[in-house]
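Peer 1: Handing you a structure now.
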Amino acid sequence: MKLELNPLEARVLGCLIEKEIATPEQYPLSLNALINACNQKSNRDPVLDLDESTVQEVVDGLVRRYLISEQGGFGSRVAKYRHRFCNSEYGSLHFSAQELAIVCELFLRGAQTPGELRGRAGRLAHFDDANHVETTLQQLAARDDGPFVARLPREPGKRESRYLHLLGDGNEVEIVDSAPAAETDRLTQIEARLAALEAELVALKQRLGDA
């Protein structure tokens, strides 16, 4: 069954994934640390102001769904939390470092262009270049156990299309196929050339008929 996350669940999981990668010495997170991560003003969109009861409720729900586990540190009475979303012994979902970095950033900041993802996900995993980001997005869109991302229609005046994750609870947005933008551009050019040739053919037939 496909995993469905509401925006707050995605934010909590995204924070746990981010901190596991970026600051492993501070992971797993206490509830207070998780609240601060959820309300962080950098690398978040939108910026939230969640209170303790709200975050605890989201965490409890994710614990019940086996997407988060609770543990107490040795000699500590403070509960700490780690994600079981992927790459764990408890589930079959596995991502490469690059795939996980992109999914994490989409959880934390919503739909983004490949260029934006290159700059932001690059702090969590190494990408050789922009093509590496595009390739990873295509892999996420084409996985047999997915798709996990989809490409949105290009916005007017924008050079790149945005990608969003497909683990939301009913993403009722228009998406397009996951073909690379360059391929789409070539198809558009071919269609325009065919239309021009057809117009020339009609005009030629009209001239022959008038002769």
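One line per residue, one yes/no per condition, for (1) on the phi < 0 side of the Ramachandran plot; (2) in contact with a Pro (Cβ under 7 Å, 6 or more places away or on another chain); (3) among the basic types (Lys, Arg); (4) free of Cβ contacts under 8 Å to residues at least 40 places away in the same chain:
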| site | (1), (2), (3), (4) |
| --- | --- |
| Glu9 | yes, no, no, no |
| Cys15 | yes, no, no, no |
| Thr23 | yes, no, no, yes |
| Tyr27 | yes, no, no, no |
| Leu31 | yes, no, no, no |
| Gln40 | yes, no, no, yes |
| Asn43 | no, no, no, no |
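Peer 1: So, one more: Out of (1) closer than 30 Å to Gln138 by Cβ; (2) not in a loop (DSSP other than H, G, I, E, B), what's the single condition that is false for Thr54?
Peer 2: (1)
Peer 1: Could you list, in sequence order, the residues of the range 118-164 that are part of a helix (DSSP H, G or I) and small (Gly, Ala, Ser)?
Peer 2: Within the range 118-164, Gly119, Ala121, Ala130, Ala141, Ala142 qualify.
Peer 1: Kindly provide the set of residues from the range 86-114 that are closer than 18 Å to Ile68 by Cβ, in contact with a Phe, Trp or Tyr (Cβ under 9 Å, 6 or more places away or on another chain) and in a loop (DSSP other than H, G, I, E, B), ordered by number.
Peer 2: Cys86, Asn87, Tyr90, Gly91, Leu93, Phe95
Peer 1: Given the condition without any contact (Cβ under 8 Å) to a residue 60 or more places away in the chain, outside the structural domain of Glu116 (by TED's automatic domain parsing), among the hydroxyl-bearing types (Ser, Thr, Tyr) and loosely packed, with under 10 Cβ neighbours inside 10 Å, answer yes or no: does some residue in the range 57-77 qualify?
Peer 2: No, every residue in the range 57-77 fails to be without any contact (Cβ under 8 Å) to a residue 60 or more places away in the chain, outside the structural domain of Glu116 (by TED's automatic domain parsing), among the hydroxyl-bearing types (Ser, Thr, Tyr) and loosely packed, with under 10 Cβ neighbours inside 10 Å.
Peer 1: Test Ala101 against the stated conditions and say whether it is under 23 Å from Asp145 (Cβ atoms), of a type outside the set (S, T, N, Q), surrounded by 13 or more Cβ atoms within 10 Å (Cβ to Cβ) and in contact (Cβ under 8 Å) with a residue 60 or more places away in the chain.
Peer 2: yes
Peer 1: Let me ask another. Kindly evaluate Asn39 against the criterion of being surrounded by 14 or more Cβ atoms within 10 Å (Cβ to Cβ), within 20 Å of the chain's Cα centre (by Cα), more than 28 Å from Gln139 (Cβ to Cβ) and not assigned by TED's automatic domain parsing to the domain that holds Gln138.
Peer 2: Here the answer is yes, as Asn39 does meet what is asked.
Peer 1: Sticking with this structure for a sec: For the range 1-51, give me the residue count where each residue is among the aliphatic types (A, V, I, L, M), closer than 18 Å to His165 by Cβ and in a helix (DSSP H, G or I).
Peer 2: 7
The values are calculated or read from the model by the stated rules, or taken from the named source; none is laboratory data. These numbers were taken from a predicted model, which means no experiment stands behind them. So basically every Cβ, Gly included, is an ideal-geometry build from the backbone, and we count neighbours across all protein chains shown.
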